[in-house]
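Shown next, in structure tokens, is the structure this report addresses.
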Amino acid sequence: MRGFRSRKPVDEVLAWIDAEVSSLDPEAVALSAAHGRVLALPVVSRINVPAFDRSAMDGFALRAEETIGAGDYNPLPFSVVGASMPGSPFAGEVGKGQAVRIMTGAPIPAGADAVVPAEFATEKNGIVEITEAVPSLKHIGRTGEDVRSGATLLEAGHRLRPQDCGLLASIGLAEVPVIRLPRVRIIVTGNELAEPGTERGPFQIYEANSHIVSGLIPRDGGVIESRVRCDDSLNSIRDAITAPGADVILISGGSSVGSEDHAPGLVAELGELPIHGVAMRPSSPAGIGRIGDRLVFLLPGNPVSCLCAYDFFAGRAIRILAGLPTEWPYRKVEGELVSKIVSQVGRVDYCRVRITDGKVEPLALSGASILSSTTRANAFVVVPPQSEGYAAGTRVEGFLYS
């Protein structure tokens with residue numbers, strides 16, 4: 001066994017991720033599966049929406065100039081010569097003194113240039129009396145009013161919301177070019193681990209880390225390719241790492257420098273391990289490497305360390321691969337510290353806190369194995385490396401877990 005000779009500053013690790021990781025290649029997906037995905041290419045409309053002049057009201061289509069002077073005390077009569085319905089337009093042309101009954105969304109008939117709403121019209125025996133004057137083009141949706149042919153609707157890098165998918169549907173798009181979702185393999189190591197739901201040996205603990213990161217991977221735009229259990233042997237871990245099919249490999253446990261910590265040496269042997277050991281608490285044994293075109297993240301076995309290392313490093317890389325912003329998807333809040341937070345210059349500290357009514361209370365515990373602290377906490381505070389901590393009464397920024 002040996003200790004870490006040095007630890008990389010967190011800023012340098014983040015800079016390495018940002019420089020070395022880029023979004024994955026495009027793929028075409030069905031529009032129905034595109035919600036929440038990130039556009040790989042701009043979307044340019046090939047059609048006008050609407051493709052024809054259409055009514056914005058239920059009422060009567062006619063010539064606007066013939067409604068001049070219409071009012072409650074001067075109703076003007078028009079002959080009703082037909083109807084225009086959505087999908088079933090009036091086939092003729094509106095002439096002088098004529099009107100066509102029309103529904104919202106129906107095509108404007110030839111010869112008409114305005115619509116009088118139904119509430120200002122009374123129809124009887126083929127005659128409609130109009131009590132409101134309307135200007136030309138009143139209550140008409142013009143061709144291309146919503147979308148013009150040739151217009152760029154959405155730029156590459158845009159994450160599709162429901163209304164965006166609706167807009168794409170309105171131009172007839174059945175498939176959407178999006179960035180491929182990164183496939184993430186979770187490898188769990190440790191002879192001391194038992195599966196939840198099975199009998200636990202007297203000196204075993206139940207495995208929890210894969211259940212933490214399994215909930216975070218979809219949040220960050222990834223899909224879980226597989227979850228693999230390994231014993232603490234070189235061959236078992238090697239087989240799990242080298243199996244094809246993943247863009248990102250998360251190895252939980254065995255990330256430090258002990259005699260049973262095989263993962264760092266294997267990653268270095270099979271590819272490269274430029275980062276092993278980070279100046280932060282918890283998660284100092286974290287590491288990042290590459291094997292071919294796959295990213296490998298060494299996540300410490302202690303649950304809080306695993307959560308912290310994932311959030312700082314692996315989650316950021318997965319978001320970049322998926323075309324998402326690098327920033328944490330946590331809501332920020334500010335509050336006043338109830339008691340001090342002690343740190344050390346040169347190290348980033350991830351402190352679990354509880355924020356209530358603007359007061360920030362650090363949890364009075366230590367230890368990266370105390371997973372329940374993350375459920376008693378509702379937020380965390382990050383102490384930067386240039387700080388020795390924060391005194392009670394200091395206003396700090398927290399990140400809410402939910």
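The values are calculated or read from the model by the stated rules, or taken from the named source; none is laboratory data. None of these values were measured; they are calculated from a predicted model. Here the Cβ is made from the backbone with ideal geometry for all residues, glycine too, and neighbour counts use every protein chain on show.
What the table shows:
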| item | result |
| --- | --- |
| Filtered residues of region 168-195 (kept if surrounded by fewer than 19 Cβ atoms within 10 Å (Cβ to Cβ) and among the aliphatic types (A, V, I, L, M)) | ALA169, ILE171, LEU173, ALA174, ALA194 |
| Single match in PHE60, PHE52 (criterion: assigned to a loop (DSSP other than H, G, I, E, B) and farther than 30 Å from ARG281 by Cα) | PHE52 |
| Those residues of region 231-268 which are closer than 19 Å to TYR206 by Cα and at pLDDT 90 or above, in sequence order | LEU250, ILE251, SER252 |
| Verdict on VAL116 being modelled with pLDDT of 95 or more, in contact with a helix residue (DSSP H, G or I) (Cβ under 8 Å, 6 or more places away or on another chain) and under 18 Å from ARG54 (Cβ atoms) | yes |
| Filter result (assigned to a helix (DSSP H, G or I) and surrounded by 15 or more Cβ atoms within 10 Å (Cβ to Cβ)) within region 15-38 | TRP16, ILE17, LEU31 |
| Qualifying positions in region 287-332 - in a strand (DSSP E or B) and either of a type outside the set (Val, Ile, Thr) or modelled with pLDDT under 95 (or both) | GLY287, GLY289, ARG290, ARG294, LEU295, PHE297, LEU298, LEU299, LYS332 |
| Selected residue (criterion: farthest from the chain's Cα centre (by Cα)) from residues of region 83-101 that are without any contact (Cβ under 8 Å) to a residue 24 or more places away in the chain and within 14 Å of ALA114 (Cα to Cα) | GLY95 |
| Region 225-241 residues that are of a type in the set (Gly, Ala, Ser), paired with ones that are buried (at least 19 other Cβ atoms within 10 Å of the Cβ) (beta carbon under 7 Å, 6 or more apart) | SER226/ARG185; SER236/CYS230; ALA240/ILE187; ALA240/VAL228; ALA240/CYS230 |
| Count - residues of region 220-251 that are surrounded by 13 or more Cβ atoms within 10 Å (Cβ to Cβ) and within 19 Å of ARG319 (Cα to Cα) | 13 |
